[in-house]
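Asker: Below you'll find the structure I mean.
What follows is calculated from the coordinates using simple rules that are stated; it is not laboratory data. Because the structure is predicted, anything quoted here is derived from the model rather than measured. Note that we place each Cβ from the backbone using ideal geometry, even for glycine, and neighbour counts take in every protein chain shown.
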Amino acid sequence: MRTFLTLLFTICLSGVAYSVRTPPAPFNPSKEKVAIMRVAVQRINQAVEQKLIEKNLNYNSGLNDFLFARRVYVDLTGTIPSYEELVTFVNRSVSNKRTYLINQLLASEGYVSHNYNYFADLLRIQTKMQGGKINSALFTGWLKDSIHQDKPYNRLVYEMVSASGSILENPATGYLLRDKDMKLDHVAFMTKIFLAKDIACAQCHDHPSEEWTQKEYYAFASYLGELEIGSGKNIKKSKKQKSMLAEKEKLTNHPTFRSAVRSKYKKFSVADKKTKELKAEFKDITSGNHPSAFDNAKSNLPLPEDYQYDDAKPGELLKPSFIVGRSLGGSTKKSKREQLAYWLAHPDNGWFSLAIANRMWARYMGRGVVEPLHDVKMKNCPNPALLKTLAEVMVALDFDLRAFSWVILHTNAYNRLASRKKIDEKEDYLFPGPILRRMSAEQIWDSLVTLMVKDPLRYRQPSPISLAEVNDGWSAFHFVDNLTDEKYRLVDSSTGNLVLTEGDDYTASYEQTLMTKKGKKSIILARASELPQPAPAGHFLQKFGQSERLFVVGASSKVGSVPQLMELMNGFPTEVLTGKDSLLFQKLQSIADPRKKAEVVFLSILNRKPTEDEKELLLQEMENSTSEELSDLIWALLNTPEFFFIK
Amino acid sequence: MKDTFSNLDESSRRSFLLHAAYSTLGVSLAPSYLLGAENTEPLKKPTVKPPCERVIFLYMKGGMSQADTFDPKEKGTIGGKSKPIKTQSPDLLLSDQLPKLAQQAKDLSVIRSMTTKTGAHSQARYVMHTGYRQKTGMTHPQLGSWAQMFLGKSHPVLPSSVLIASGNPGPGFLPPDYSPMPIGNASRGIKDLLPEINQEQLNKRVRLAQKFSSAFSHYFPHDDVKAYSDFYNQTIKFMSGDMAEPFDIQKEPGNLRAQYGNHPFGQGALLARRLIERGVRYIEVTSSQNWDSMHGGTNSLNRLSNELDGTVSALMNDLRNRDMLKSTMIVVTTEFGRTPKVKGNGGRDHHPNGFSAMLAGGGIKGGIAVGETDADGRDPFPEYEPKDLHATIATALGMTGTKIRRLPGRPSFLGGKPKPIKEILS
């Protein structure tokens, strides 16, 4: 009997796996789009150059192949290039090799991971939302998939703002669930992110120096007046839906459901109890008792009881109206939230296209055409023509962020060395080149991981399976287990197998490339996008300024600190990287010439060749390129400011 | 670079500090999103030297019983075995559990009408440390981080605030540089943060890194690059022997270590004094005894109060001997109090409604009690919340006059809208 059961478990275990990696959508714009992209580059160049000429300024000097490669790799894939990638690119002798590289990187897995980090920061994504009651993995999985499939940005925003239903059925609702019980704050976040307008002060009072009154704030917020976030128990279901849910529920009676529980909980007594609990849980979930976003015509958002101005009464209900711009048509029969989403993401909503165009420019140039990004005032813009052009390009490219990135990366301004001196925040900047940027916490971490192990993106945080994918007892267990036991997990995306679960004994035979451990110290060698969001306190990412994802949009920091550098100097990641098992170290083993070894270290970390002075220093200090000398060299190059700046 | 800091005299050290903080590093400046409405006003520097320059915050974990410590009642009126005794000050009675502190009562005062809204340990602890109620998705900074924001870094190399055996709460919503440095075990100091490789190899690595940095730093005479170079210098300085020295209590004489008490709380308080003396501004030390054991009866009371009485009085004596007591505030408090009535088994329950805090030293008028609980030891008057205690400490430190914009953008003051307790300030 025992043998039989064991066999059954094994079959079940191997029978179900998470989804296996697929390459992102290829970057293959239509001819018409390519034509627009080329014109866009010219128009942006003109807009920048006109201002530079006006102020009698020149562009910064150009980029050699090494600098160019490092910059586009960091900007598009979120990591510095590997030694092989760099050398391959530099040695290519095709005339348009830079365009080839950009096209290639726009369709890379790194691009998806890196862009996910950007949105996770903007949308303040936390792995454990609402004290762990809402499984954000469904939402983050959806977001990564959206980037993977190259969903236009305005479509993405429309889907989030208008999302309805349980997060199980419609993961985009995660955007709304994130800000449960803080609807008014949510409105302020929304306008900052999507409209580049900071209206937060008007939430509580008319602001003397700002454009908006408290009444206008509430009138805009009224578009979310009917939004409710809670259990979806009272959402009406169609007959078809009901019968579908009943069918799914029956699957928990299947013997494989019970066996699956046993395979996890081993002890029979525990497993029997758990089977009952999970069955009940499944029933609860399918009856709609799961975090949901929905509209309730009876809900509303009246003015506060202490409303103090004469233009309306306390507690009064306001007619919804837009905070900027005008109505852009659309059905008035739809829910208020759908009307809002329609207006927000409409190509004719000038503030919407301007906000994202300016944000994307800032991502690649280190600074927006106008700052701050979340509160744009045209009177502060030193080059309105450039801003207008960027917004028009965004619309012309149908909010295709990859095509838009392609355009920026082809401009003259981008293809220049960073400005050598710091530009004060108050000072106008006219883009003779990008500003000198420190890499983000995620870029630094991902670069280190890429130096430590081969193909770190092999390990992914899985999307929990959706209700639609539940089709037998095992998957029913898998589904409910994921929802009730929200442990952080990693899957090997090349096989689909679960390879790591939070709380497991890491000494088990995980692959060296995933998890490294020494004494009490351990690190998961996965990319930032696949780690808990945000990384736990004390993690390398946190010390380097990853956003806390709390109350500020784009709260990530690029400021140094002593604990940060102590982490880089003495921390476990550095110990692993300078150790003999790291990918970089292993590459060096196969090289015989000591000078060549030193050069590979330089090209791998700083992505450039040593200067003449440095070569001399290497000759003195690295005479034999012993293991210890190489460790010292790797350590030293990581601990130069040059490593984490984008020149 | 190595000896620059130790060779500077006090005034040039201070000016270096200001220079470092305001121009070179730019890190002591609050991030612009946190400043007042206009974002342009610089933080106001106190024009007069504040009465208190440093704070040692001693936290009694688990809920200290006020009736057995700082708010004793005549025997018979409430339960328990403690009774009031006369102290050095005619205006202040303490419990007979605190004989050593009674002898120094001229230098300490008591707030007897503290109150907090929650009787759950973790939430009440959060309120006592931040002034705010806990809210999902939000972490508030603790007082040491706020002080760094208002007043700048307290030392060019040492951290501005240190937490000893008090967890690692981080900087709240402030940037990472405002994070207090956590120390788990006072006797081990910062040994766990230091490199595992030998000093010689570290020196070689640092020398190499500095040489490889020069080309880049030269080509980019950029403030951000310079800031990083400066951070590197600070970090190297921090890791070198003489900066680990402030954290090494093995260097204190054995008899002094014994006076503080041979337990983590006593040794933590000693480390606190050592660090305060060397330039750290704000230090918290958590008691090693857990006052929650009072549920089970008052048998543990001697153990609890001996630790408190012995360590705090030793700390006050030590600071007085070094002429630092008048500029260093000592705060003793807890998350909530204990019921005045005793249960059937002689134990005391949680009592968030009324409890005590003790303040001594810098900025504090000694020898008095402020506020009271009623005759039954229950309702406090006037009510002071943890945020008011914070505002009192902040006022003594000279952290006044600056508006903090609570995120996501609503203007707010430190800890909500607190009232500093003026009567207790000197």
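Asker: Rounded to the nearest 20 Debye, what is the dipole magnitude of the range B:332-381 about its Cα centre when Lys and Arg each give +1 and Asp and Glu each give -1 at the C-beta?
Answerer: Once rounded to the nearest 20, the dipole reads 160 debye.
Asker: How do B:Phe231, A:Phe27, A:Phe268 rank when sorted from fewest to most other Cβ atoms within 10 Å of their own Cβ?
Answerer: Least crowded to most crowded, the residues run A:Phe268, A:Phe27, B:Phe231.
Asker: I've got another one for you. Could you run the Karplus curve 6.51 cos²θ - 1.76 cosθ + 1.60 with θ = phi - 60° over the range A:418-431 and give me ³J(HN,Hα) per residue in whole Hz, x for Gly and Pro?
Answerer: Karplus-based 3J(HN,Hα) across the range A:418-431 equals 5, 5, 6, 10, 6, 9, 4, 4, 7, 7, 5, 10, 10, 6 Hz.
Asker: With a sphere of radius 12 Å drawn around the Cβ of A:Gly496, what net charge do the other residues whose Cβ falls strictly inside it have (Lys, Arg +1; Asp, Glu -1)?
Answerer: Summing Lys and Arg as +1 and Asp and Glu as -1 gives +2.
Asker: Counting Lys and Arg as +1 and Asp and Glu as -1, each charge on the Cβ, what is the dipole of the range A:126-344 about the Cα centre in debye, to the nearest 20? Could the numbers behind the result be given before it?
Answerer: Details: 37 positive and 27 negative charges, 400 e Å.
Once rounded to the nearest 20, the dipole reads 1920 debye.
Asker: Could you name the lysines whose alpha carbon sits less than 16 Å from that of A:Lys487, not counting residues in the same chain fewer than 8 places away?
Answerer: In chain and number order, the partners are A:Lys128, A:Lys133, A:Lys264.
Asker: Could you name the lysines whose alpha carbon sits less than 16 Å from that of A:Lys237, not counting residues in the same chain fewer than 8 places away?
Answerer: A:Lys237 reaches A:Lys248, A:Lys283.
Asker: Work out, in µm²/s and without decimals, the Stokes-Einstein translational diffusion coefficient of the protein assembly as shown at 10 °C, 1.306 mPa s, Rh from Kirkwood over C-alpha pairs.
Answerer: Diffusion coefficient, whole number: 50 µm²/s.
Asker: Same structure again: Non-local amide H neighbours of B:Gly297 (under 5 Å, H modeled in plane, Pro and chain starts lacking H): which ones?
Answerer: Those lying under 5 Å, H to H, from B:Gly297 are B:Gly347, B:Arg348.
Asker: Separate question: Semi-axes, largest first, in whole Å: what does sqrt of 5 times each Cα gyration tensor eigenvalue give for the range B:277-373?
Answerer: On the way: eigenvalues 169, 49, 26 Å².
The equivalent ellipsoid of the range B:277-373 has semi-axes of 29, 16, 11 Å.
Asker: Sort A:318-328, B:211-221 for me by packing, meaning the mean count of neighbouring Cβ atoms within 10 Å per residue, highest on top.
Answerer: B:211-221, A:318-328
Asker: What lysines does A:Lys333 reach when the alpha-carbon gap must be under 16 Å and sequence neighbours fewer than 8 apart in one chain are set aside?
Answerer: Partners found: A:Lys319.
Asker: Determine the relative contact order of chain A: mean sequence separation of Cα pairs under 8 Å and six or more apart, normalised by residue count, in whole percent. Write out the running numbers ahead of the final one.
Answerer: Details: 967 pairs, mean separation 128.7, N = 647.
Relative contact order here is 20 percent.
Asker: Quickly rank B:159-171, A:97-109 as a protection proxy: mean count of other C-beta atoms within 10 Å, highest first.
Answerer: Per-residue mean Cβ counts within 10 Å order the peptides as B:159-171, A:97-109.
Asker: Let me ask something additional. Compute the signed sum of charges (Lys and Arg +1, Asp and Glu -1) over the other residues within less than 13 Å, Cβ to Cβ, of A:Asn45.
Answerer: Around A:Asn45, the surrounding residues sum to +3.
Asker: Taking only C-alpha pairs under 8 Å that are 6+ residues apart, what is the relative contact order of the range B:49-129 in percent? Don't skip to the end; give the middle numbers.
Answerer: Working: 78 pairs, mean separation 17.0, N = 81.
Value for the range B:49-129: 21 percent.
Asker: Nearest-5 percent of antiparallel DSSP beta bridges in the protein assembly as shown?
Answerer: On the way: 43 of 66 bridges.
Taking every DSSP beta bridge within the protein assembly as shown, about 65 percent pair in antiparallel fashion.
Asker: What does the extension gain come out to for A:Ala592 and A:Gln149, with contour length at 0.36 nm per residue minus their alpha carbon separation? It would help to have the intermediate numbers written out before the result.
Answerer: Working: separation 443, 0.36 × 443 = 159.48 nm, distance 4.43 nm.
Length gained, A:Ala592 through A:Gln149: 155.1 nm.
Asker: Okay, moving on. Expressed as a whole number of Å, what is the distance separating the alpha-carbon centroids of the range A:55-126 and the range A:269-296?
Answerer: 46
Asker: Any idea what the relative contact order of the range A:126-344 is, in percent, if you count C-alpha pairs under 8 Å spaced at least 6 apart?
Answerer: Working: 267 pairs, mean separation 57.1, N = 219.
Relative contact order here is 26 percent.
Asker: Using a Förster distance of 25 angstrom, determine the FRET efficiency expected from the C-beta separation of B:Lys106 and B:Asp323, and round it to 0.05.
Answerer: Details: r = 16 Å, r/R0 = 0.65.
The computed FRET efficiency comes out at 0.95.
Asker: Among A:Thr256, A:Phe294, A:Phe139, flag the residue with its Cα farthest along the positive direction of the charge dipole of the range A:126-344, charges on Cβ as +1 for Lys/Arg and -1 for Asp/Glu.
Answerer: Working it through, the farthest residue towards the positive pole turns out to be A:Thr256.
Asker: Same structure again: Evaluated at 25 °C with a viscosity of 0.890 mPa s, what Stokes-Einstein diffusion coefficient in µm²/s does the range A:74-204 have when Rh comes from the Kirkwood expression over alpha-carbon pairs?
Answerer: Calculated translational D: 145 µm²/s.
Asker: Further, regarding this structure: Could you tell me which of A:Leu467, A:Gln214, A:Phe544 has its Cα farthest along the dipole of chain A towards the positive end, charges placed at Cβ (Lys, Arg +1; Asp, Glu -1), taken about the Cα centre?
Answerer: A:Leu467
Asker: A further question follows. Could you tell me the largest-minus-smallest coordinate of the C-alpha atoms of the range B:112-163 on each of the three principal axes, in descending order and whole angstroms?
Answerer: Result, largest extent first: 40, 33, 18 Å.
Asker: A further question on this structure: Positive end of the charge dipole of chain A (Lys, Arg +1 and Asp, Glu -1 on Cβ, about the Cα centre): tell me which of A:Ile323, A:Val94, A:Phe268 has its Cα farthest that way.
Answerer: Checked the options; the winner is A:Phe268.
Asker: How big is the convex hull of the Cα atoms of the range A:126-344, per residue, in Å³?
Answerer: 163
Asker: I'd like the mean, over residues of A:541-550, of how many other protein chain beta carbons sit within 10 Å of each residue's own Cβ.
Answerer: 3
Asker: Still on this structure, I have one more. How big is the convex hull of the Cα atoms of the range A:99-159, per residue, in Å³?
Answerer: Spelled out: Cα convex hull of the range A:99-159, divided by residues, is 89 Å³.
Asker: A follow-up question, please. I'd like the distance separating the alpha-carbon centroids of the range B:54-98 and the range A:181-254, in whole Å.
Answerer: So the separation of the two Cα centres works out to 51 Å.
Asker: Averaged over A:610-616, how many beta carbons belonging to a partner chain fall within 10 Å of each residue's beta carbon?
Answerer: 2
Asker: Please check which bits of the range A:425-456 a label hung off A:Ile53 would reach, taking the label as a point 7 Å along Cα-to-C-beta and the cut-off as backbone N under 20 Å.
Answerer: Under 20 Å, as judged by backbone N against the label point of A:Ile53, lie A:429-433 of the range A:425-456.
Asker: Next up: Quick one: dipole size for the protein assembly as shown, taken about the Cα centre, charges +1 on Lys/Arg Cβ and -1 on Asp/Glu Cβ, in debye to the nearest 20.
Answerer: Numbers: 140 positive and 116 negative charges, 284 e Å.
Dipole of the protein assembly as shown, to the nearest 20 debye: 1360 debye.
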